[in-house]
Amino acid sequence: MKFNVLEHRLVPEHRLLSPEEAQEILKRLKVSMDQLPKIKKNDPVIHVLEKIHGPITEGRIIKVTRLSETAGVFEAYRLVIGR
């Protein structure tokens, strides 16, 4: 990959959650995994995270942290799905 999309100023921070963290988040939000918004395994962000963490399997959860002028810090979660 020639360009690391996570270094672009318009791309929010993405972090791969551990399975334990993912279970805590699901419990805290009172949602199931299939209720989370999805991110495809072929997304450029996932490719960059795989270079850092190794292969990311379907079913893992990514935490997306955005800075907003109106909301302050906003956290969202995405479920990794197949292509």
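The values are calculated or read from the model by the stated rules, or taken from the named source; none is laboratory data. The model shown is predicted, which means the values in this text are computed figures rather than measured ones. Note that each Cβ is placed from the backbone with ideal geometry, even for glycine, and that neighbours are counted across all protein chains shown. For the accessible areas, the whole protein counts, side chains as well, though only heavy atoms, and no ligand, DNA or RNA atoms are used. Shrake-Rupley method; radii C 1.70, N 1.55, O 1.52, S 1.80 Å.
Rounded to the nearest 20 debye, the dipole size of the chain about its Cα centre is 200 debye, using +1 on the Cβ of Lys and Arg and -1 on the Cβ of Asp and Glu. Per residue, the accessible area of the chain comes to 71 Å², computed with a 1.4 Å probe over protein heavy atoms only. Of the chymotrypsin sites (Phe, Trp or Tyr not before Pro) in the chain, the ones in a loop by DSSP (not H, G, I, E or B) with at most 10 other beta carbons within 10 Å are Phe3. To put it simply, the accessible area of the stretch 15-57 at a 1.4 Å probe is 57 percent carbon and sulfur. Charge tally for Arg78 (other residues, Cβ to Cβ under 13 Å; Lys, Arg +1; Asp, Glu -1): +2.
Within the stretch 1-62, the trypsin sites (Lys or Arg not before Pro) that combine a DSSP coil assignment with at most 10 other C-beta atoms in a 10 angstrom radius are Lys2, Arg9, Lys30.
Our coupling estimate for the stretch 62-72, obtained by passing each phi through the Karplus curve with A = 6.51, B = -1.76, C = 1.60 and θ = phi - 60°, is 10, 9, 10, 10, 10, 9, 10, 5, 8, 9, x Hz, Gly and Pro reported as x.
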